Amino acid sequence: MNRVYVCSCFAVTEKQVKEHAEAGACTPRQIASACKAGTDCGSCVRRIQAILGRGNCPRRELVDQGRPALTAEAAEVAGVVEAVGVVEVTGIVEAVPLPEAA
């Protein structure tokens with residue numbers, strides 16, 4: 001079996017990147033979240049961008065059509081995040097307490 005590695009740091013293959021893209025990952029950052037590719041030395045980020053192509057994001061197509069891009073589950077998570085007050089700071093997620101209601 002001939003494997004084409006995109007990310008040598010984490011042994012991520014081109015096939016794996018394509019599978020994550022088919023599952024909805026549209027950006028190198030989303031690929032990194034799925035499999036860590038591009039998070040160490042960064043030399044594979046341009047290759048990941050090339051594999052993803054330009055404008056091949058199903059969610060982007062939905063937004064362009066004026067349709068919701070979030071699944072019900074993702075929308076629910078987004079609602080919980082908003083209610084709890086979770087803030088992302090440079091890739092680190094931390095909970096921020098909301099002010100108490102008077």
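The values are calculated or read from the model by the stated rules, or taken from the named source; none is laboratory data. From a predicted model like this one, the values you see are computed outputs, not experimental measurements. Here the Cβ is made from the backbone with ideal geometry for all residues, glycine too, and neighbour counts use every protein chain on show. Side chains included, ligands, DNA and RNA excluded: accessible areas come from the protein's heavy atoms. Shrake-Rupley method; radii C 1.70, N 1.55, O 1.52, S 1.80 Å.
For Ala95, which of the numbered conditions (1) open to solvent by 70 Å² or more (accessible area, probe 1.4 Å); (2) at pLDDT 55 or above; (3) on the phi < 0 side of the Ramachandran plot fails to hold?
(2)
Exactly one of these conditions fails for Ala25: (1) on the phi < 0 side of the Ramachandran plot; (2) open to solvent by 30 Å² or more (accessible area, probe 1.4 Å); (3) modelled with pLDDT under 95. Give me its number.
Here Ala25 clears every test but (2).
Tally up the residues in region 36-54 that are assigned to a helix (DSSP H, G or I) and open to solvent by 30 Å² or more (accessible area, probe 1.4 Å), please. Before the answer, list the steps.
First, pick out the residues of region 36-54 that are assigned to a helix (DSSP H, G or I): 45-52.
Imposing the further condition that a residue be open to solvent by 30 Å² or more (accessible area, probe 1.4 Å) reduces the set to 45-47, 49-51.
Number satisfying all stated conditions: 6.
Out of the residues in region 1-22 meeting the condition of being aliphatic (A, V, I, L, M) and surrounded by 15 or more Cβ atoms within 10 Å (Cβ to Cβ), tell me which one is nearest to Gly53 (Cα to Cα). Steps first, answer last, please.
First, the residues of region 1-22 that are aliphatic (A, V, I, L, M): 1, 4, 6, 11-12, 17, 21.
From what is left, the residues that are surrounded by 15 or more Cβ atoms within 10 Å (Cβ to Cβ) are 6, 12, 17, 21.
Details: Val6: 15, Val12: 18, Val17: 12, Ala21: 10 Å.
Applying the filter and picking the extreme gives Ala21.
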